[in-house]
1. Give all pairs with beta carbons closer than 9 Å in which a residue from region 196-220 that is under 19 Å from His250 (Cβ atoms) meets a residue that is loosely packed, with under 12 Cβ neighbours inside 10 Å and among the β-branched types (Val, Ile, Thr); count only pairs at least 6 apart in sequence or on separate chains.
2. With a cut-off of at least 3 residues that are of a type in the set (A, V, I, L, M) and modelled with pLDDT of 95 or more, name the helices (runs of 4 or more DSSP H) lying wholly within region 73-153.
3. What are the residue pairs meeting all of these: first residue in region 38-57, first residue closer than 22 Å to Tyr134 by Cβ, second residue part of a loop (DSSP other than H, G, I, E, B), Cβ atoms under 6 Å, and 6 or more apart or on different chains?
4. Any idea which residue in region 50-105 is surrounded by the fewest Cβ atoms within 10 Å (Cβ to Cβ), counting only those that are of a type in the set (Val, Ile, Thr) and within 20 Å of His18 (Cα to Cα)?
5. Give the number of residues within region 1-56 that are outside any helix (DSSP H, G or I) and small (Gly, Ala, Ser).
6. Select, from Lys42, Lys4, Lys31, the only residue that is basic (Lys, Arg) and modelled with pLDDT of 95 or more.
7. Looking at this structure, is Ala184 among the hydrophobic types (A, V, I, L, M, F, W, C), closer than 26 Å to Ala95 by Cα and in a helix (DSSP H, G or I)?
8. Failed condition for Thr159, given (1) in contact with a Leu (Cβ under 8 Å, 6 or more places away or on another chain); (2) assigned to a helix (DSSP H, G or I), with all others met?
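The values are calculated or read from the model by the stated rules, or taken from the named source; none is laboratory data. Just so we're clear, the structure is a prediction, and the values are computed from it rather than from any experiment. Methodologically, a virtual Cβ is constructed for each residue, glycine included, from the backbone with ideal geometry; neighbour enumeration extends over all protein chains shown. For the accessible areas, the whole protein counts, side chains as well, though only heavy atoms, and no ligand, DNA or RNA atoms are used. Shrake-Rupley method; radii C 1.70, N 1.55, O 1.52, S 1.80 Å.
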Amino acid sequence: MAAKYDLTPRVAPQLDRHLVFPLLEFLQDSKLYPDEDILKAKIELLNHTNMVDYAMDIHKSLYHTDDVPQEMMERRVEVVARLKALEEAAAPLIAFLQNSSAVQELRADKQHNLQLLHERYQIGPDQIEALYQYAKFQFECGNYSGAADYLYQYRALCTNSERNVSALWGKLAAEILMQNWDIALEELNRLKEIIDSKSFSTPLNQVQNRIWLMHWSLFIFFNHDNGRTQIIDLFNQDKYLNAIQTSAPHLLRYLATAFIVNKRRRPQFKDFIKVIQQEQYSCKDPITEFLACIYVNYDFDGAQQKMRECEELILNDPFLGKSVGEGSFSSVPLRDEFLENARLFISETYCRIHQRIDMGVLAEKLNLNLEEAERWIVNLIRTSKLDAKIDTETGTVIMEPSQPNVYEQLIDHTKALSGRTYKLVSQLLEHAQTQAAR
């Protein structure tokens, strides 16, 4: 089952090749696929990079030999020669950047900086371009730290907007691969601002950039301290949610997971359930199906089955399967937190639609024994707005009938009107500006 729901084949095409390596490492450790298949996939990836030494090591492991093909040796010679040539071309600018007193003369004005470099140090556009190519080559060789530094310095001098954005994507990838989550989040937000404000050749091009951004962001959001809140803030925005529904519905797995384990986003959760309802037949994923069972179909037996599938899925998902302690966001593994909240969703909904519930039945729905279920429902009554009591003699939970307050219903239905109106006006203005630009 776990391999059936593995999203790596869908996620990988939206990532830089180097970002696929951590996914393959996870899959190799989880034994989801034969080791030989993973090693072959690694070599296939490495053939399109400059990480020739790593490729040789993988080849030796795969074929149990100390020898490597002649073409690999020749490729290594080419890479070393190319690296040396690029280093020489960028050397004047690199020497300048390593001179702290000289760098202090730079200002926020890029034109001033270009003039300064040209007049005092005989550094021009060719050397600046060489710095970009050298940084890119360093990245392809697996030197992510050096690449990140050079790309940062390049962006401070580059006046070409397209090349500047390309350097920012490279910087983001390097920071992710070095697991610098705070810096990576800053770069992610910079890219988001550019994507949302930039004029693209076609709307489809802009949607594709948003899809790339969301896929890359998974590394950050499931490792950063506040990631499970920020993934909701990004993915649940109308423009990004529309991109998910039209082009990448598999990303609903990660948004649904964030909603399930994040108690602070319950008000937005109601609207997300509408999305689950719309996509329940087109998006077949245990986590989204779990929510559909509870809140759309009221199928609690189905929810119980899906919860078991979700547990296995989370353990074998490269983004969700880490036990945190390995650089994640809390001391509780995501699987445990997910199951705790999943039981809460089942019990809350099941209790609200029944007047009297047998404790044995409830225990079965929650995958708990009778004693555990009784403790669970007691805690639920104490901590939630559930108006209920336990009849110990009959072993049942009795729900107290409550009449809906008309005024509260009216407030609940109208409180989001201003926000929706603002979104509608913004979309109309944006559409009008797009038409005027054409």
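1. Close Cβ pairs (under 9 Å, with a partner that is loosely packed, with under 12 Cβ neighbours inside 10 Å and among the β-branched types (Val, Ile, Thr)) amount to Val207/Thr246.
2. 125-140
3. Note: pairs meeting the criteria are Asn50/Cys141; Met51/Gly142.
4. Within region 50-105, the subset of a type in the set (Val, Ile, Thr) is 52, 58, 65, 68, 77, 79-80, 94, 103.
If we keep only those that are within 20 Å of His18 (Cα to Cα) too, we end up with 52, 58, 79-80.
Details: Val52: 22, Ile58: 20, Val79: 18, Val80: 13.
Only one residue fits best here, namely Val80.
5. So in region 1-56, the residues outside any helix (DSSP H, G or I) come out as 1-2, 6-7, 15-16, 31-34, 47-51.
Applying the additional criterion that residues be small (Gly, Ala, Ser) yields 2.
Number satisfying all stated conditions: 1.
6. Details: Lys4 fails: modelled with pLDDT of 95 or more; Lys31 fails: modelled with pLDDT of 95 or more.
Residue meeting the stated conditions: Lys42.
7. Numbers: among the hydrophobic types (A, V, I, L, M, F, W, C): yes; closer than 26 Å to Ala95 by Cα: no; in a helix (DSSP H, G or I): yes.
Against the criterion (among the hydrophobic types (A, V, I, L, M, F, W, C), closer than 26 Å to Ala95 by Cα and in a helix (DSSP H, G or I)), Ala184 does not qualify.
8. (2)
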